[in-house]
Amino acid sequence: MFSYLLRRLVSGIVVLGIVSAIVFGIFFILPADPARLSCGKTCSEELIVKIRHTLELDQTLPVQYGRFIKGIFVGRTYLSGTPAELKCTTPCLGYSFQTDQPVTALLKDRLPATASIAFGASILWLLIGLSSGIVSALRRGTWVDKFSQGVALGAASLQIYFVGLVLQFIFVNKLAWLPSPGYSSPFQYPLDWIKQMALPWITLAFLLSAIYSRLTRAGMIEIMGEDYVRTARAKGLNNRTINMKHVLRGAITPIVTVFGLDLGGLLGGAVITEYVFNIPGLGKLSTDAVANLDLPVITGTVIFSAVFIIVANILVDLLYAVLDPKVRIQ
Amino acid sequence: MNKFLEVKNLSVSFPTEDGVVRAVDNMSFSLEKGKTLGIVGESGSGKSVTSLAILGLHKGSSAQVSGEILIDGKDINAMQENEVQLLRGNLMSMIFQDALAALHPYYTVGNQIEEAYLVHNKVSKSVAKKRAIEMLDRVGIPEPQKRVDDYPHQFSGGMRQRAMIAMALSCNPSLLIADEPTTALDVTVQAQIIDLLRDLQKEFNTAIILITHDLGVVAETADDILLMYAGKEIEYGTVRDILQKPQHPYAWGLLTSIPRLTGNPNKPLAAIAGTPPSMISVPGGCAFHPRCSYVSQVGQSCSSSIPELVPVAQGAHHLVRCHLDAPVRGEIFKNQVAPNL
């Protein structure tokens, strides 16, 4: 078990290395000159040379990449030995061209909003998706099943920017039941946090619970045909125990897998949701960075979300070992 | 007439998009405590459907079950699902062919046996666990206190089937249905499992229905044999009747197709021509007639009318469903079949 975990962590770090190298390489493939980009409006040739030196862009590519990686682990110092010395502490991902803020600080700043969206929405979609999927599977072929799967099909076909805007129009603009979505600290203003997050949660959960509902239904129906469910019936168990203990237990594993990956992906930034509701999260940070060619921020957000996805993958695999005894032994 | 199990005119049909499939058609048989009935037939002949009906497991599905299934005088078919639930695993239980698929992969073997015991016995979990260990020990699992916490995939094929048996017998059922319990096992393990079933039967005086397509297994264990073809019983009698004086051409085919150690190794094995019929379109008349070599001895009626299940002789318990006249059948058996047995 331990060596397995170690192997996974090492391979995760290798993947991160590859991801960071690719993203870092974008600096040099793009026709835009990073020095010119960070130069601003009152730019002169001398200034560009100076900036190029400050950002260490006059070094060779491997040296730059090496310093970038070193910055993440031990921090780095720009212009060391000069009066303008600039210390960037660990983990250093450079400075935004746009705001000159350290990228690490930006990420730290934006994470709570994204995490709020991801966790709130995931609880909601798990509750709705699983329960409607279970009910559909148990009442297969009845109007309850047809209705809920019809809604699920419709919901799965809709897009966040459509559902989000419609909900916002109804609940914020017309009925004024909710304030405009945004982010308040759940520790300082818990009520505001819920009110502002409600629409993003519902929007995301609406679409994702549709997928989970269909997944749960299909899984349950498949397991109902398994021999071991027939065995459970032959023992004289009642339907409730058969469905909740034997069928659901058999069907839950793939759902957990998909859930882990969805959550990991979302934590890297609920891009469209944040954009639609104008929520200052990681997704908004990265789209803004892309729009402005703010390369250090792009690199930072990509590496950050890669970390979430890799960690989610490892966690899902570990959870799999807990859920499936066949995996546990190996 | 106080038979422990009496099945009367049992029919099971499934409505499908291509029409109604009569998987089991008008079956009647009986079984006493401590005795074994072997139900033999090819895949799709209705053996498993019959056994599921006896456990009332068609309830809640689209299957239409008619007739009476009397166990200890109680009609399973007339009961509600919740009434049958109280009897399943308790009065009658079942072991299945593929124990790996029939055991839940995510629960320990012990947990599954405990569960079977707890449904019908109001005892604590620790008592149930003791019972599980005791049962595993009884069916010959070594180190049962340790293996009780293993998962099914950690057991070998034979051990899994033993665990299945332990689970099925945990509540001392009076009727055990074994649906091809040895098909997925290799021959030596098969023999062990059959021995185990026989020992347990002696110990608990259980009535056993053994469903199989292996005549060898039936010959060793059964008291009576019921031969099924296309959902109908075609021959029914004691082991001695069926194995020594088979009456139906299908039985002849089955028995002569068994490879013998003493036979000529260069001679091709005998086989019944053709394939089992599709249950969607069962041949008219006697369902076996397209594969039967003796149709010419009867003529028209083989394909036009379904023969009755009748005693082979006045008052005999040996029943057969065939258009051949008894004397003709006797002649064919004596001259063409018996020499090849």
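The values are calculated or read from the model by the stated rules, or taken from the named source; none is laboratory data. Keep in mind it's a predicted model, so treat the numbers as computed, not measured. All Cβ positions, glycine included, derive from the backbone under ideal geometry; neighbour counts span all protein chains shown.
Scanning the range B:248-293 for residues that are of a type in the set (Ser, Thr, Tyr) and outside any helix (DSSP H, G or I), we see that the one that is modelled with the lowest pLDDT is B:262.
Do we have residue A:77 as in a strand (DSSP E or B) and either surrounded by 13 or more Cβ atoms within 10 Å (Cβ to Cβ) or in contact with a Pro (Cβ under 8 Å, 6 or more places away or on another chain) (or both) here? Taking the combined requirement at face value, the residue satisfies it. The residues of the range A:177-222 that are aromatic (Phe, Trp, Tyr) and not in a helix (DSSP H, G or I), listed by number, are A:177, A:183, A:187, A:189.
What residue, among those in the range B:81-95 that are surrounded by fewer than 21 Cβ atoms within 10 Å (Cβ to Cβ) and charged (D, E, K, R), is farthest from the other protein chains (Cβ to nearest Cβ)? The qualifying residue farthest from the other protein chains (Cβ to nearest Cβ) is B:83. Between B:48, B:28, B:43, the distinction of being surrounded by fewer than 17 Cβ atoms within 10 Å (Cβ to Cβ) and within 20 Å of residue B:71 (Cα to Cα) belongs to B:28 only. A count restricted to the range A:27-47 and to residues that are under 26 Å from residue A:302 (Cβ atoms), of a type outside the set (Gly, Ala, Ser) and part of a helix (DSSP H, G or I) stands at 6.
Against the criterion of being buried (at least 23 other Cβ atoms within 10 Å of the Cβ), facing chain B (nearest Cβ under 10 Å) and on the phi < 0 side of the Ramachandran plot, residue A:251 does not qualify.
Scanning the range A:1-32 for residues that are surrounded by 12 or more Cβ atoms within 10 Å (Cβ to Cβ) and of a type in the set (S, T, N, Q) yields a count of 2. Being surrounded by fewer than 19 Cβ atoms within 10 Å (Cβ to Cβ) and over 18 Å from residue B:325 (Cα atoms) holds for only one residue in B:304, B:293, B:257, and it is B:257.
On the stretch given as the range A:213-236, residues that are among the β-branched types (Val, Ile, Thr), touching a residue at least 40 places away in the same chain (Cβ under 8 Å) and either surrounded by fewer than 24 Cβ atoms within 10 Å (Cβ to Cβ) or within 13 Å of chain B (Cβ to nearest Cβ) (or both) total 1. Filtered by the rule that a residue be away from chain A (no Cβ under 11 Å) and among the basic types (Lys, Arg), the range B:56-80 gives a lone residue, B:74.
The set of residues in the range B:319-341 that are part of a loop (DSSP other than H, G, I, E, B), touching a residue at least 12 places away in the same chain (Cβ under 8 Å) and either among the β-branched types (Val, Ile, Thr) or surrounded by fewer than 18 Cβ atoms within 10 Å (Cβ to Cβ) (or both) contains only B:341. Among the candidates A:152, A:137, A:176, A:156, the residue that is surrounded by fewer than 12 Cβ atoms within 10 Å (Cβ to Cβ) and of a type in the set (A, V, I, L, M) is uniquely A:176. Determine whether residue A:296 is over 15 Å from the mean Cα position of the chain (by Cα), within 14 Å of chain B (Cβ to nearest Cβ) and more than 28 Å from residue B:120 (Cα to Cα). When the stated conditions are applied, residue A:296 does not pass them. Does residue B:212 meet the test of being in contact (Cβ under 8 Å) with a residue 60 or more places away in the chain and out of contact with any Gly (no Cβ under 9 Å at 6 or more places or on another chain)? In short, no. In the range A:266-286, the residues that are at positive phi form Cβ pairs under 7 Å with partners that are not in a loop (DSSP other than H, G, I, E, B), at six or more places apart or across chains, as follows: A:269/A:114; A:269/A:282; A:269/A:283; A:269/A:286; A:269/A:301; A:269/A:305.
The helices (runs of 4 or more DSSP H) falling completely within the range B:106-189 that include 2 or more residues that are touching a strand residue (DSSP E or B) at 6+ places or on another chain (Cβ under 9 Å), surrounded by 19 or more Cβ atoms within 10 Å (Cβ to Cβ) and within 10 Å of chain A (Cβ to nearest Cβ) map to B:109-120, B:157-169. Please work out if residue A:324 is in contact (Cβ under 8 Å) with a residue 24 or more places away in the chain and under 23 Å from the mean Cα position of the chain (by Cα). Judged against the criteria, residue A:324 is not a match.
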